[in-house]
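*Asks:* Dropping a structure here in structure tokens format, bear with me for questions.
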Amino acid sequence: MDITQLNLSISWDEIFPLLQKHLPDSVTINDIHCSGTALCIVGVAKKWDFTLKIGTATEANGNRIGLVIKNVSLSHPDDSILNVCVWNPIKYLGAEIVSKANGLGSLKWQSKEEFVAKKIASGNKGISAKGNILYLNSTTLLKKFPLPVHVTGAFTSFAFTENGIELTINER
Amino acid sequence: MEINKLAFRITPDDLGALGDIIMKKVAPALQKLPATLRELRDLQLRIDGETLEIGITLPEVLPPIPETELRAGIALAASSDGDALLVELLSISAWDMETEVFNPFIMDKIGGAVQKYPGIGIDDLGRLRIDLDETLEMLSLPCELSVTGRLLNVSVDEEGIGFEIGKKPRKKTAANC
């Protein structure tokens, strides 16, 4: 017997502890909610209060899910650090040396969104980043979130809803 | 985690095992048949285009009528309320009997037999009506799924028998109307 399609809803209550389990100790999530079709994650990372707004973009072949980091906002209880942040954006907001042609490094500014995408992807198996889009490998995701049926298909839809995540997996 | 929709397919390779399950299920009913018919065996399920064909070996009923294979072509459908699987007898052949005479006779016999079984009955159009719970139990889903939904669709093609089960719509109440 083959499972040809599975559409299911996973509530935020179920996702919350699982997400926290896969985060480093320095990051705490305080709230997850949906604002329209975007997901808002509110938490604290190394004393920085952050809010991430994430939208989805499913890949056509269903092998991976693209999560677009739409917006990142940061605040710190200590205002002096905010000043440092303004003067030292490389450290706090992200920038990278992209080439060293002629022995000189040139800086390419990257957005906070790109910086965060890269940070999340680094060291996380099955997650990669391209610009401000995070790509989650479907197989890895299914291993991290075991389903009540053995499904080896492709993700054909993935959406954030008020109650949680709704996704469809289809037979390949 | 809530299953909103589940679609699965019983492949032609699974049909042998399903035939065995059905035979075990109907074994007690066979004991109530006339002695000569209790030896029904070798239930085979085959797919012929968009029709499911059931073949079963009939014993030698009377000396002039030899052991033979009864073949029945059946169509499967979901009931309009999604609560049951409908089984319609399209054709039947054995001993070269006239279909027009034989079909109502067989359905009448089946109807009489199944009425004793909870979850199985005959609808107004003479189709066998098997409750979804009963159907799923018979199919023995290979997963720890508790499907309490409604049958959205059943299809038969060369790839197998496809089932689509969806979540039961919530009953409207004054609060959410």
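*Asks:* Checking the structure you have, find out if any residue of the stretch A:28-38 is of a type in the set (S, T, N, Q) and within 21 Å of residue A:147 (Cα to Cα).
*Replies:* No: the stretch A:28-38 contains no residue that is of a type in the set (S, T, N, Q) and within 21 Å of residue A:147 (Cα to Cα).
*Asks:* Right, another one. Just give me the residues in the stretch B:71-86 being open to solvent by less than 20 Å² (accessible area, probe 1.4 Å) and either under 23 Å from residue B:136 (Cβ atoms) or at pLDDT below 85 (or both), in sequence order.
*Replies:* Within the stretch B:71-86, B:72, B:74, B:79, B:82, B:84, B:85, B:86 qualify.
*Asks:* Also, quick follow-up: Looking at the structure I just gave you, is residue A:161 within 14 Å of another protein chain (Cβ to nearest Cβ) and either open to solvent by 50 Å² or more (accessible area, probe 1.4 Å) or modelled with pLDDT under 65 (or both)?
*Replies:* Criteria not met by residue A:161.
*Asks:* Pick out the one residue from B:112, B:119, B:166 that is at pLDDT 80 or above, over 21 Å from residue B:73 (Cβ atoms), away from chain A (no Cβ under 14 Å) and open to solvent by less than 50 Å² (accessible area, probe 1.4 Å). Break it down stepwise before answering.
*Replies:* Working: B:112 fails: at pLDDT 80 or above; B:166 fails: away from chain A (no Cβ under 14 Å).
On inspection, the qualifying residue turns out to be B:119.
*Asks:* Just name the residue that is modelled with the lowest pLDDT out of those in the stretch B:135-153 that are under 20 Å from residue B:11 (Cβ atoms) and more than 13 Å from every other protein chain (Cβ to nearest Cβ).
*Replies:* B:137
The values are calculated or read from the model by the stated rules, or taken from the named source; none is laboratory data. Source: prediction; values computed, not measured. Here Cβ is always computed from backbone atoms with ideal geometry, including for glycine, and neighbour counts include all displayed protein chains. We work out accessible area using only protein heavy atoms, side chains counted, and drop any ligands, DNA or RNA first. Shrake-Rupley method; radii C 1.70, N 1.55, O 1.52, S 1.80 Å.
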